[in-house]
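Have a look at the structure below, then the notes.
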Amino acid sequence: MNNSVSTTARLLWAGLRALLVLTLVTGVVYPLAVTGVAQTLFHGKANGSEITYDGRVVGSSLIGQQGYGLDYFQPRPANGLGENSVNTRYKLILSGATNLSADNKDLVKQVEDAKAKVVKDNSVPGYTVRPSEVPADAVTSSGSGLDPDISPQYADLQVHRVAARNGLTVARVQKLVDAHTEGRTLGFIGEPRVNVLELNIALKSLVAKG
């Protein structure tokens, strides 16, 4: 009987020690080590790839934003986004594609309306946009609806409007776009792109300088 109690107590104590050690290693040491490495080597990415302007965080380079006025470069449409009617601090409740087929009448109308708007908004005195010049990313949303980038073609199409509305020369705005155009990752992955938030922040700084 005494041997049985002693064995049970020994096993319980061994189990408790294992629990304490594993809790310390996996619950404290490992998270601190991973956090330390992330903050040291990948500080920006570990904190959400935040973009700051004028001393405050204005967004993430990984998440697209809507609601820019026509003085700024426009992002891709976000037709797949849903809105949150409960938590008023954050309107976004989900992201996703429209899930409409290519021949769906609603999608076709959305694309046609979006193309007409792009043509109208970006045609300024001395520069007229033709419907054939409107790239696909100007009239369709991405799979998530949160794409932060646009194609260089769409950015170039907006240069004349942005220049006219901000009292800048086309050359200065085009130079800004060129400076914020990123090539393919590693030279062959993905497509050239322009981050809209970063470009608009640079535009705002340029306008402030006059």
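Among what's in region 132-143 and is under 18 Å from Arg76 (Cβ atoms) and out of contact with any helix residue (DSSP H, G or I) (no Cβ under 6 Å at 6 or more places or on another chain), pick the residue that is surrounded by the most Cβ atoms within 10 Å (Cβ to Cβ). Filtering region 132-143 for residues that are under 18 Å from Arg76 (Cβ atoms) and out of contact with any helix residue (DSSP H, G or I) (no Cβ under 6 Å at 6 or more places or on another chain), the one surrounded by the most Cβ atoms within 10 Å (Cβ to Cβ) comes out as Ser141.
Looking at region 147-169, which of the residues that are free of Cβ contacts under 8 Å to residues at least 40 places away in the same chain and of a type in the set (A, V, I, L, M, F, W, C) is farthest from Thr98 (Cα to Cα)? Selected residue: Leu168. Residue-level analysis places Leu16 among those that are farther than 28 Å from Pro152 by Cα and modelled with pLDDT of 90 or more. If a residue must be surrounded by 11 or more Cβ atoms within 10 Å (Cβ to Cβ) and within 30 Å of Ser205 (Cα to Cα), how many such residues does region 1-41 contain? Summing the residues that are surrounded by 11 or more Cβ atoms within 10 Å (Cβ to Cβ) and within 30 Å of Ser205 (Cα to Cα) in region 1-41 gives 1.
A quick yes/no check of all residues on (1) among the β-branched types (Val, Ile, Thr); (2) in a helix (DSSP H, G or I):
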| position | (1), (2) |
| --- | --- |
| Asp147 | no, no |
| Asp156 | no, yes |
| Leu168 | no, no |
| Val173 | yes, yes |
| Val194 | yes, no |
| Leu199 | no, yes |
| Lys204 | no, yes |
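Just one residue in the set Arg165, Arg184, Arg172 is over 30 Å from Asp106 (Cβ atoms), at pLDDT below 95, over 16 Å from the mean Cα position of the chain (by Cα) and assigned by TED's automatic domain parsing to the domain that holds Asp71; that residue is Arg184. Residues in region 151-158 include none that are modelled with pLDDT under 95, within 22 Å of Ser95 (Cβ to Cβ) and not polar (S, T, N, Q). Looking only at residues that are not basic (Lys, Arg) and not in a loop (DSSP other than H, G, I, E, B) in region 175-184, which one is surrounded by the fewest Cβ atoms within 10 Å (Cβ to Cβ)? Among those residues, the one meeting the criterion is Ala179.
Residues in region 117-132 that are assigned to a helix (DSSP H, G or I) and under 23 Å from Asn166 (Cα atoms): Lys117, Val118, Val119, Lys120, Asp121, Asn122. Within region 54-72, not a single residue is farther than 30 Å from Glu198 by Cβ and not hydroxyl-bearing (Ser, Thr, Tyr). Please work out if Gly55 is of a type in the set (Gly, Ala, Ser), closer than 30 Å to His180 by Cα and assigned by TED's automatic domain parsing to the domain that holds Val196. No: the conditions fail for Gly55. Restricting the first member to region 98-119 and to residues that are touching a residue at least 24 places away in the same chain (Cβ under 8 Å), and the second to residues that are among the polar types (S, T, N, Q) and in a loop (DSSP other than H, G, I, E, B), the beta-carbon pairs closer than 7 Å and six or more apart or on different chains are Thr98/Asn79; Thr98/Ser141; Gln110/Asn79; Val111/Thr140.
The values are calculated or read from the model by the stated rules, or taken from the named source; none is laboratory data. Not measured: the values here are computed from a predicted model. Cβ coordinates were reconstructed from backbone atoms using ideal geometry, including for glycine residues, and neighbour counts include every protein chain displayed.
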